[in-house]
1. Could you order E542, E45, E460 by accessible surface area, starting with the largest, using a probe radius of 1.4 Å?
2. Can you compute the FRET efficiency between R337 and A204 using 1/(1 + (r/R0)^6), with r the Cβ-Cβ distance and R0 = 60 Å? Round to the nearest 0.05.
3. Would you give the gap between the C-alpha center of the range 204-260 and the C-alpha center of the range 563-603, rounded to a whole Å?
4. Probe 1.4 Å, all protein chains in place: accessible area of E362 in Å², nearest 10?
5. Give the accessible area for E44 in Å² (nearest 10); use a 1.4 Å probe, count only protein heavy atoms, and leave out ligands, DNA and RNA.
6. Going by Cα centres, the range 58-95 and the range 33-48 are how many Å apart?
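The values are calculated or read from the model by the stated rules, or taken from the named source; none is laboratory data. This structure is a prediction, so every number in the text was calculated from the model and none was measured. Backbone-built Cβ (ideal geometry, glycine too); neighbour counts: all protein chains shown. In case anyone asks, the SASA skips ligands and DNA or RNA and just uses the protein heavy atoms, side chains included. Shrake-Rupley method; radii C 1.70, N 1.55, O 1.52, S 1.80 Å.
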Amino acid sequence: MNAAVGGAQPELYWADSAASQAAERKSRYYSLLYREMAERKMAEEHLRQSNALLTALGQAQLRFVSGVELGVIFQDLLAALLAVTQSEIGLIGEVIYPEAQEPYCEIFAQVDSGPQGVDALLKVVDLVLATGQPALLNGRESKQLLHYPRLNSRPPHILLGLPFTNGESLVGVLALANRPGGFTAEVVAFLQPVLSTCAQLITAHRNEQRRKAAELALAEERASLAQRVAERTAELRMANAELTHAAHAKDEFLATINHELRTPLNSILLFAEILRKQMHGALNERQLRAINGIEESGHHLLTLINDILDVAKMDAGRFALDLAPCSVEAVCQASLRLTAAMANKKDLQVSLTIDPAVKMLEADERRLKQMLVNLLSNAIKFTPAGGSIGLEVTGAPAQNLVRFTVWDTGIGIAAEDMRHLFQPFVQLDTGHTRQYGGTGLGLVLVHRMVEMHGGSICVESEVGKGSRFTLALPWRHSTTGEEGATGAAEAGEVTAVAASLYDRPPDEADGEIAPTSLAVEAPPSEAPAPEPDGPPLLLLAEDNDANIAALSDYLYAMRYRLIIAKNGREAVEKAKTHRPDLILMDVQMPEMDGLEATRRIRSEAELVSTPIVALTALVMPGDRERCLEAGVDDFIGKPIQLSRLAEVLDTQLKRRRAP
C-alpha cells in the first residue's frame, strides 16, 4: 500500500509539470497574439495616418494649382496635421527676409488656445529662426527632440518647431504642441513630406508673386512706354509737320528763286542769240566778241542755278536716272568739245584715250556727260596755261567696270584737303584773294551721280604735279543698238555745259548752245489780219515785256504771225477769238496762270486740237507732269534755246496740218 502509494507519486508530479508547461505555453501564445494584434493595430493606424497625410498634401498641391489662396490652403493643411498627429495647436509660417533687418515669420495658418498658446508657439518659432534647426520646448527650457509626457493642463507644455527649406535657405516654420505621447524622432520623420510640401508651396507662391509683380511692372512699363511713345509720336508728328512745312517752304523758295533768276536770264540769252545769229544785220568782230561774252556769262549763271537745283533734288530724293545703252566714244568726244573753248583759251594740250574693248555702256548719257564735263572743267580751271589734260577710258572685264579717268598737270591737291573735296559749297581756294571761281557743287554732283549709277570715284593727287579723278561705273555693256546709240550721242554732241539738266524733256537736254543779249522793241500786240494759206498764226501768252520782245522779234524774223496776251484770262479770250494755229503758253502769269488757261482752252470744242507749248522757268520736280496733265502738247524750259523752239514749232505745226 505504502509502496503503491509511494510508487504513484512521480506520476502525479509529472502531470502537474506538464499542465504547468501547457499553461505557460498558452500564456506565451496569447502574449504573442496580443502583441501581434497591437503591432498590427499600430501599423494600421500608422497607415491610416500616412494615407490621411498624403491625401491632405495632395489636396493642398491641387488647390494651389487651382488658384486657391495660400493662407486658406495652409489653414486646411494645418487642421489635417493636428488631426493626424492628435496635436492641440499649431501654426505654419513663412520666413521673410527684409532688407537690412532681421528675418521674421509671417503666419499663414494658426490654431491656438488663446494668448498663452500664441506666445508659446511664437517662442518655438523664434528658437527655430535663431538656430535654423528643429526644436522642442517645454515652457522652461528647450531641448532637442526629447519626449515629454502629455500634461492634462490646457496651456501648451510640449512644443515642436520644424524648419523647412528650399535647399538654399530657410523658407518657413511648422510648429505643433501638446501631442499625446510627445514628439519623437518617428513623428519628425513622419512629418518630413509635410515640410517638403510646405517648402514647395511657399517657393511656388513666391515665384508666383514675383511673376505677378513682374507682370505688373511690365504692364506699368508698357503703359508708361505707350504714353512716352504717344508723347514722342506727337512730338515727332509735330516735328514732321514742321519739317514738311520747312521742306515745302524750301521748295517754294527754290521754285521762286529759280523762276525769278531764269526769267531775266531767258531774255538775256534770247537777245544774245538773236544778235549772234545776226538776224538784224551784220556785226563786226568786236561786237560779236561782246555778244559772246554776254552769252558765256549767262550760261555760267545758268550752270550755277542748275547745280543748286540738282543738289536740292538729290537731298529731297527726287533725282532719277534714265539708264540706256550709250556710246562711250560719242560721250567722251562731246564732253571734250564742250570744254574745248576753255582749254583753247589756256593753250592746254588735250588728249583722249579709249580702250577699244569699251564701246557701249548702260548709263544715263546726259548725267555721264555732265560728270565728265565737270571733271574736265575742273582740270582746265586748275591747270596753268601751257599744261596738259586728258581723258582716259579703260575696261576691267574681270570686275565688270569701266573707268573714266580725267587727269591734269595742274596745281594738285594737298592731302589734308582731300576730305573736303566732296562736301557741298566747300572751296579749297577761299578768302578775299580767291584765284579760282565756282560754288563747290561740281564734285558733289559728280560724287552723288556716280553713286546713283552704282559706281565710285577716287582721287590721286600731288601738289604741283596734278590730279587724277577716276569714275568707276558698272560695265553694263551691250552690243545691240550701238549704231543708234552713237547717232543719238552725236546728235547731242554740242550740248551746252550750262544747259538745264533738271526736269527738261530728254530731247531738250542736248540742244544747241549759243552766246546771247540786247533788247528789241516789243511788236504790236495784235497780228495782221489772217491771210488764207498764209504764215501760221501764233498766240504768245507771256507777261514779261523783255521776253515778249525777244520772242516776238525772233518769231517775226521766222515769218510767223503773232498775237500777244499778257495774262491767262486774256489768252483764253484771244484763243477763242482768233483760233491760232499754235499757242505758246507761259505758266506763271497774273490773274490766271497758264495751266488754268490751258484747261479752259481745251474745254472749247474748236480748240481741242490746237497745239499748246508750255514756256516756263518752272523746272522743279513735278512741274513738267503738271503741265502735261493740264493739256499742253510740249514743254520748253527757260532759258529758251531758239533751236529748240524752232524744232518744237515745226513739229507741232506739221502735226496740226497732218490729215
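1. E460, E45, E542
2. 0.10
3. When both Cα centres are located, 49 Å separates them.
4. Number for this one is 70 Å².
5. Result for E44: roughly 110 Å² accessible.
6. Centre-to-centre (Cα) distance: 28 Å.
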